[in-house]
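Data block below; observations after.
The values are calculated or read from the model by the stated rules, or taken from the named source; none is laboratory data. Source: prediction; values computed, not measured. Ideal geometry is used to build each Cβ from the backbone, glycine not excepted, and the neighbour counts take in all protein chains shown. SASA here: full protein model, heavy atoms, side chains in, ligands and nucleic acids out. Shrake-Rupley method; radii C 1.70, N 1.55, O 1.52, S 1.80 Å.
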Amino acid sequence: MSVEIDTLTRRVPGRHGGPEQVLLNGVSLSIPEGAFVALVGPSGAGKTTLLRAIAGLDTFQSGHVLVGGRALDTLPPRERGVGFVFQNYALFGHMTVAKNISFGLNVMPRGQRPSAEDINTRVEELLALIELPALGGAYPRQISGGQRQRVALARALATRPSLLLLDEPFGALDPVVRRRVRAWVRSLHDKLGLTSLLVTHDHEEALDVADILVVMQNGNVVQTGDADTLERFPQTSFVMDFLGETIRFSGKCQNINGTMTFLPDEENILPFPLDVPEGQAEAILRPWEIRLLAGQGSAASRVLGHRSGLARLEVRLSGSESGRVIEILSARREDETIEGAALDISAARVFRDDLLLKAPAG
């Protein structure tokens, strides 16, 4: 099912009589049918609030939620046809795995509720789907965290929703299990033809499973796009910072020769062509996008170690002991130790007033 969010606003009273707190600030979002979308951003960005509003678990003051063209604004949660997986699993400890999975079916209105035989058949199908066919009689305390997460997912899928909402579902798992379970969830999404929305603050997790990333900040959608678009054309420096490690350089755009220069503070940063209005700006790039050019300056580097096949280099930007020191990554062995170098940062995204002026070529 496609999802349309139209100018959704949610406010709550301020603490101790303070001003209202805006949790969602007129959020609009279009999600195509069959997409796997990750809502990303720091704590307090509004990710979980948006997810709960779609599910009908939180109210909102204005705006609309449509799923498959159907308005859900006034429908109670259990009539929305939405599956929800909570961060803490929310399994019933006194119920077996099978009873947890069948819970949503058992509480359906009498006229819509499947027969007991059909419910048992559905549970068996789901136990096979989550690869736990022999654990229907176990209790949540008797199974592992990864298995509990699968049971929570099966419970969400029991009523055959076409929209699956996942609120930080992998947060309690150790890293190895976490990677395995999220890969499994992605394959299940594809197999069942779901539309899925995942809330996560982990950008690597989002990049690993999602087709579309929605970056949120302070109750607003800052930017939406696939990973490559957000990486190459981040509309704000916040988006770029959130999606990975960055290094920043302040400089000045000059109309005289169409360059961005960094003198006098960064004398070993080479100017690069830039066709934008004159003024102060900030160049931001990833540690592996910086190139060292020997014999063109006075910067020096030394090897700190290696990461994922890349050399970790400490680069002192000037000969002075008090000068700026940065850490970069390089795949070129000749970069590992250099004296008298300059830095080529022409791959930078350039921002002014926190808005993108220039993206890297290519």
Legend entry - Kirkwood-type radius of the chain, with distances r between different C-alpha atoms, in Å: 23.5 Å
Inset, instruction - Against the globular-protein guess of 2.2 N^0.38 Å, express the Cα radius of gyration of the range 137-181 as a ratio, rounded to two decimals. - result: 1.22
Inset, instruction - Calculate, in whole percent, how much of the Cα-Cα pair population of the range 289-357 lies beyond 16 Å. - result: 49 percent
Legend entry - Long-range HN-HN contacts of Thr259 with modeled amide H, under 5 Å: Gln254, Leu274
Inset, instruction - Find the centroid of the Cα atoms in the range 145-181 and in the range 69-125, then give the distance between the two in whole Å. - result: 15 Å
Inset, instruction - Per DSSP H run of n ≥ 4, the term is -39500 (n - 2.57); total these for the chain, divide by its residue number, and report the mean residue ellipticity at 222 nm rounded to 500 deg cm²/dmol. - result: -7000 deg cm²/dmol
Legend entry - Karplus (6.51, -1.76, 1.60) ³J(HN,Hα), θ = phi - 60°, over the range 131-143, in Hz, Gly and Pro reported as x: 6, 10, x, 9, 10, x, x, 7, 9, x, 5, 9, 10
Legend entry - Check: the chain dipole with +1 on Lys, Arg Cβ and -1 on Asp, Glu Cβ, in debye: 1440 debye
Legend entry - List Lys252, Lys47, Lys358, Lys99, ordered by accessible area with a 1.4 Å probe, largest first: Lys99, Lys252, Lys358, Lys47
Legend entry - Tail weight of P(r) past 18 Å, computed on alpha-carbon pairs of the range 1-153, percent: 66 percent
Inset, instruction - Taking the Cα centre of the range 186-333 as origin, sum charge times position over the Cβ atoms of Lys and Arg (+1) and Asp and Glu (-1), and report the length of that vector in debye to the nearest 20. - result: 520 debye
Inset, instruction - Determine the order of Asp190, Asp73, Asp167 by accessible area, beginning with the largest, at a probe radius of 1.4 Å. - result: Asp190, Asp73, Asp167
Inset, instruction - Report, ordered by chain and residue number, the lysines lying within cross-link reach of Lys358, taken as a straight Cα distance under 24 Å and ignoring same-chain residues fewer than 8 apart. - result: Lys252
Inset, instruction - Calculate one ³J(HN,Hα) per residue across the range 215-224 by plugging θ = phi - 60° into the Karplus curve 6.51 cos²θ - 1.76 cosθ + 1.60, and present them in order as whole Hz with x for glycine and proline. - result: 8, 10, 7, 6, x, 10, 8, 7, 7, 10
Legend entry - Net charge over other residues, Cβ less than 15 angstrom from the Cβ of Pro277 (K, R count +1; D, E count -1): -1
Legend entry - Protection proxy ranking of 56-65, 191-200, 132-141 - average other beta-carbon atoms within 10 Å, highest first: 191-200, 56-65, 132-141
Inset, instruction - Once every Cα of the range 162-306 carries one equal point scatterer and solvent is ignored, give the base-10 log of I(q)/I(0) from the Debye formula at q = 0.13, 0.18, 0.21 Å⁻¹, two decimals. - result: -0.78, -1.11, -1.34
Inset, instruction - Take every Cα-Cα distance within the range 129-248, group them into 10 Å bins from 0 onward, and report for each bin the whole-number percent of pairs it holds. - result: 11, 39, 31, 14, 5, 0
Inset, instruction - Please report, to two decimal places, log10 I(q)/I(0) for the range 161-228 at q = 0.12, 0.20 Å⁻¹ as given by the Debye formula with identical point scatterers on the Cα atoms and no solvent. - result: -0.32, -0.89
Legend entry - Rh (Kirkwood; distinct C-alpha pairs) - the range 230-362, Å: 15.1 Å
Legend entry - Alpha-carbon centroid distance for the pair the range 34-65 / the range 229-292, whole angstrom: 33 Å
Inset, instruction - Mind checking which of Phe86, Leu357, Ser28 is farthest towards the positive end of the chain's charge dipole, using Cβ charges of +1 (Lys, Arg) and -1 (Asp, Glu) about the Cα centre? - result: Phe86
